[in-house]
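One structure is given below, encoded as structure tokens.
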Amino acid sequence: MDKERFFKDISEYRSAMMGLAIIAIVLFHQKFVKDFPLSIFQYYGYWGVDVFLLLSGMGLVNSLHKNSIRRYYQRRIMRLAPSCILCGVLKCTVFLLLGAFITGTDQLLLNWLSPLSLDLWYIRAILVYYLISPLLYKYLRKSPWLTMAAILLLFTVNELFFRIHDSNSPTWIPERLPIFAIGMLLMMRKDILSARTMALSIGFLLLAIGIVAIYRENIYSYLPWAAHMFALALGTIGMIWLLMLLIRYIPRSLLSPIQWIGTVSLEIYLVHEFVFGVVRLMLGNQYNSLYLLLLSITLSILIAYLCKWTTDRIKR
């Protein structure tokens, strides 16, 4: 296992992996085309979140290593807050404008948390993980295996006794925490990466794929989901490695747009579901409409770019 090449590729292809991950998430949330091959993303597209979490965990280790706690939190706030607030206010403004002309705007699922984008579970999750990262960093350095065991135990107890598959439930906090912590541990203890570790991780990844393939629509049942999330947590390193292998074979002409999408992935995440809702509201909920899907994705990317362009200038 070439450890140096692995971590070098993660640094080089980080934006491309984030681009592929947000594309998978967008295609998971779309309801316009359900036929193959896009139907694959209806079962596996949400795995893009786990790519983000692992990469975030790895990146935060570098930030905590180089910055004071105060500077660390400042950088996190400046990355999240401007985009979340701008996208949230923009969505609320469009919602109010549509409400003056169109009935049924409640389908867009906005609430009082929307101006801060806290109606999105991932934003709440990443805020919690950012908040506790210095503590995780401390204990992963001091007692890495005991800390990981405690996190996995917390995950198991949550999945078996408390888990509610609802974005408004706080049970998602321990559910995705193992993947985030594994990303931190991987960056802190690069020596754990080996051919054996990678083989085990790919084995768990295949197990996660198999569980989803078997249970499909019933994957959200308690035991299948718990087993699947556990396998996925331990299989995400293998998924990152396979993504890097894929990226190496993508022609540069295609890779550059994917890398660019990765640079606006946060903003795309913030706006795409709302854009899908607006398009369905304005043009009808037409299934198997590739035109509406392409229109929705184009609008999402355009709005995301404008939001990123604006927030970059606010930060200056």
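The values are calculated or read from the model by the stated rules, or taken from the named source; none is laboratory data. This structure is a prediction, so every number in the text was calculated from the model and none was measured. Here the Cβ positions follow ideal geometry from the backbone for every residue, glycine too, while neighbour counts run over all protein chains shown. To get the accessible areas, we keep the full protein, side chains included, count just its heavy atoms, and leave off ligands, DNA and RNA. Shrake-Rupley method; radii C 1.70, N 1.55, O 1.52, S 1.80 Å.
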What helices (runs of 4 or more DSSP H) completely inside the range 21-130 contain at least 1 residues that are aliphatic (A, V, I, L, M) and surrounded by fewer than 15 Cβ atoms within 10 Å (Cβ to Cβ)?
39-44, 69-99
Can you tell me which residues in the range 134-156 are more than 12 Å from residue 185 (Cβ to Cβ) and touching a residue at least 60 places away in the same chain (Cβ under 8 Å)?
134, 155, 156
Residues in the range 280-300: is at least one at pLDDT 95 or above, part of a helix (DSSP H, G or I) and among the β-branched types (Val, Ile, Thr)?
yes
Kindly check whether there is at least one residue in the range 146-159 that is more than 27 Å from residue 221 (Cβ to Cβ) and surrounded by 15 or more Cβ atoms within 10 Å (Cβ to Cβ).
yes
Take residue 180 and decide whether it is under 21 Å from the mean Cα position of the chain (by Cα) and not acidic (Asp, Glu).
yes
Counting just the residues of the range 275-316 that are among the charged types (D, E, K, R) and either open to solvent by 60 Å² or more (accessible area, probe 1.4 Å) or under 21 Å from residue 24 (Cα atoms) (or both), which one comes out nearest to the chain's Cα centre (by Cα)?
308
Restricting to the range 200-255, give me the number of residues that are open to solvent by less than 10 Å² (accessible area, probe 1.4 Å) and hydroxyl-bearing (Ser, Thr, Tyr).
2
It is to be established whether one or more residues within the range 61-76 are within 24 Å of residue 295 (Cα to Cα) and polar (S, T, N, Q).
no
Residue hits (the range 131-145; in contact with a Leu (Cβ under 7 Å, 6 or more places away or on another chain) and buried (at least 18 other Cβ atoms within 10 Å of the Cβ)) are 133, 137, 140
